[in-house]
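Participant: Structure provided below as structure tokens; questions to follow.
The values are calculated or read from the model by the stated rules, or taken from the named source; none is laboratory data. Computed from a predicted model, the values in this text were never measured in an experiment. Methodologically, a virtual Cβ is constructed for each residue, glycine included, from the backbone with ideal geometry; neighbour enumeration extends over all protein chains shown.
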Amino acid sequence: MGPLDYSLNDDIIDIEWCSLHGHKVPHGKKYRILIDKIPYVVHRECMTGAEILSLTGKTPPDRFQLRQKMRHGALITVPNDKVVCFTEPGIEKFKTLPLDQTDGEIVHKEEEKSPRRTFSLLEEDKAFLDSLGLFWESII
């Protein structure tokens, strides 16, 4: 098992193609699934979320989230212990996301910089923000 090209083979069923064309995915075959735009051929009809993540080498699986994209755009989060059967109608592909993503800047203790304070806050507001243990600044 591993990444493969899109060569057609009657023994391998492309679940994305079946979904996009409204075909029922047959039982008892090998299945081509897309994970992060990379095709993988699996020899089982059903796998857990953790097993699907392991195909990509993203381990340990509890550090990643697996998302299943359905035919009309719905995204479903697949827990590691949930079983996904590739014969279910509408499954197109899968996407992985690291669980340590952040939207803001992270300041590590060893790289800590002085916060910018261009205006003063009330002492109780400053005390509250400091009690959160977060890096904060007051900037105009």
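Participant: Just to verify a result, which residue in region 11-31, among those that are within 10 Å of residue 89 (Cα to Cα) and in contact with a helix residue (DSSP H, G or I) (Cβ under 8 Å, 6 or more places away or on another chain), is surrounded by the most Cβ atoms within 10 Å (Cβ to Cβ)?
Facilitator: 25
Participant: From the set of residues in region 45-72 that are in a loop (DSSP other than H, G, I, E, B) and either touching a residue at least 12 places away in the same chain (Cβ under 8 Å) or of a type in the set (A, V, I, L, M, F, W, C) (or both), which is farthest from residue 15 (Cα to Cα)?
Facilitator: Among them, the one singled out is 58.
Participant: Yes or no: residue 108 exposed (fewer than 13 other Cβ atoms within 10 Å of the Cβ) and at pLDDT 90 or above?
Facilitator: The answer is no for residue 108.
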